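Values in this text are rule-based calculations from the coordinates and carry no lab data. Values in this document were obtained by computation on a predicted structure and should not be read as measured data. In this analysis, Cβ positions are derived from the backbone assuming ideal geometry, glycine residues included, and neighbour counts consider all displayed protein chains.
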Amino acid sequence: MSSTSSKEPAHAAVADEKALSRLSAPSPTLDTNPKPDNVDAAWTYLDTHRDAANLKDSVPVDIDALRRKIDWHIVPLMFCCYTMQFLDKVILNYAGVMTIRQDLNLQGNDFSNVATFLFVGLLCFEVPNIYFLQRFPAAKWLGFNVTAWGIATACGAAATGYTSLLVSRVFLGIFEATIGPSLILISSQWYTKSEQAPRFSFWYLGLGLGQILGGAVSYAFQHVTPASSALSGWRIMFLTLGLLTVLIGILTTLFIPDTPMKARWLSDVEKVALLKHVSTNQTGIDNKTFRIEEIFEALLDPQMYLMLLSVVLLASSSGVVTTYSATLIRNMGYDPKQAALMNMPSGAVSIFFTLLVGYGVRKQSHRWAWIITCLIPAILGSALMSFLPTTNKPGVLAGLYLVNAVVAPLAVFYNWTAANFGGPTKRAFAAAVVSGSFSIGNIIGPQTFQARDAPEYRPAKLSVVGTQAGCALTTFLLFGYYVWQNRKRQGNDDGETEEAFMKLEVWARMTDKENKRFRYSY
């Protein structure tokens, strides 16, 4: 795929021997001894492996087969990480229909505050997270934090009251702060822009699976009684899921390579072919030098603020859905076990729309259109659950299920962040801002649920309608901005083949503003 085309036609490229051999030929335009702080580590690898493509026993590298090999090695673990971050977060939703309020004597808005302060912790750690992602390999940093938040989740089982539960959830938020930025950076290392879209969707499916598993897990642990266990069902649920998360964190640390260049399951020829393939992104692979000027550029970049506002509006709705959906179902007259099970179809809706946008972006691009495609049924669903009386159970339930379409666009915003922010520091900062915006929205959303509004919570439901409509508007404005920027850059093209992107400046640290050949994807 060429980044010079905003529509990103699907790649069917096969790196043959002739194409690979061109890497070994010295080019008069290349500086083969660049300054180490001015060039990506991928260029250093290519420069020291110029003979990899000329090995006599080498065979042509099929990019499609190579892509499948990468998928099987890293996407399942990314999927597990995202599943557990959502499940560890959403179990509070299901504990809310169990006995946690009574056991911990939660009063008034205590439950809403616990849900909110998880995201306060997440938001506060986004800025330090930028530094750590620049200093340490994204995969290792991710694995460490997954292990740590698993411990925090398990510690929630030992809560004795509001304060101790709040502390455990704040630490959960601190360690979960890296999940979005880390997965964004890891995905951008291994795939071209159009290839990233379905991979983002694959690991983002963990959210839908988490919704389904959360209902089943809650239902199972609600059968734990004082006669059968010394611990409450919700405490055993926290402990079990926390320990499972720790295991996944350890596996992530051990088995996701720091960079493609360090993948032991790829040959040198495959690594060279892959680096050539992803060079069309013009966003680099690994450069650990922190440049403060890239932060300043990001702060002056209009796309940053449109992205921030869009994600805040989107997350305000999704925060309501993920934190209070089981409570809303219970308030319709269902018992806790029924509420847990009846929330499971929400996950199926999330999975459907996540797969839809991943496939759609890969085939047709137009990320902005796929975001709005998801927002339309979500707005319809929020209207149904807002304006229909709770006595109309089928209509309200249909609304509660449909509104889960709102979670799918976040994967597209993650993909947009990886595709449209050039420069390692700027991209890490943008990933942190998008993740932080998600936290802000999730802080706002649960706070619209005030105890005085129970059991209808009509103001909270109406906020879902308004924020989703606002997100559709800001998404369209972001699309218009990208079209305008690409038109300003016409005439700076230098070909659309992989070979055209193998010049040194592609691997030098340049932001999307500095690189005039860069094209924004929309």
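Taking amide H positions as modeled 1.01 Å from N, with prolines and chain starts lacking one, the residues under 5 Å from V39 and 5 or more places away or on another chain are R509. Between the range 458-477 and the range 92-107, the C-alpha centres lie 29 angstrom from each other.
When the listed pairs K363/K426; K193/K461; K140/K516; K140/K461; K89/K276 are checked against a 31 Å cut-off, the alpha-carbon distance exceeds it for K193/K461; K140/K516; K140/K461; K89/K276.
At the listed q of 0.10 Å⁻¹, the Debye profile of the range 225-362, built from one uniform point per Cα, gives log10 I(q)/I(0) equal to -0.74. The phi-based Karplus calculation (6.51 cos²θ - 1.76 cosθ + 1.60; θ = phi - 60°) puts the 3J(HN,Hα) values of the range 191-207 at 9, 6, 4, 6, 5, 5, 4, x, 5, 4, 5, 4, 6, 6, 4, x, 5 Hz, whole numbers, x for Gly and Pro. Across the range 77-208, the mean sequence separation of Cα contacts (distance under 8 Å, 6 or more residues apart), normalised by length, yields a relative contact order of 42 percent.
The mean sequence distance of close C-alpha pairs (under 8 Å, at least 6 residues apart), as a share of the length of the range 63-507, puts its relative contact order at 26 percent. Under 19 Å from a label point set 7 Å out along the Cα-to-Cβ vector of N392, the amide N atoms of the range 326-350 belong to 328-334. Extents of the range 346-391, largest first, come to 43, 20, 7 Å (Cα atoms, principal axes, whole angstrom). The distance linking the range 251-265 with the range 298-365 is 31 Å (Cα centroid to Cα centroid, whole angstrom).
Over 30 Å apart: what share of the alpha carbon pairs of the range 63-507 falls there, rounded to a whole percent?
41
Note on the range 63-507: with charges restricted to the Cβ of Lys and Arg (+1) and Asp and Glu (-1), its dipole about the Cα centre is near 380 debye.
Give the shape of the range 84-145 as rounded, prolate or oblate, defined through the alpha-carbon gyration tensor: a ≥ b ≥ c are the square roots of its eigenvalues, a/c under 1.5 means rounded, and otherwise the shape is prolate if a/b is larger than b/c and oblate if not. Prolate. Across the range 334-466, Cα-Cα pairs farther apart than 18 Å form 63% of the total. Based on the Kirkwood radius over alpha-carbon pairs, what is the Stokes-Einstein translational diffusion coefficient of the range 186-245 at 4 °C with 1.567 mPa s viscosity, in µm²/s? Once the numbers are plugged in, D ends up at 93 µm²/s.
If you average the alpha carbon positions of the range 164-220 and of the range 393-420, how far apart do those two centres end up, in angstrom? Going from one Cα centre to the other spans 14 Å.
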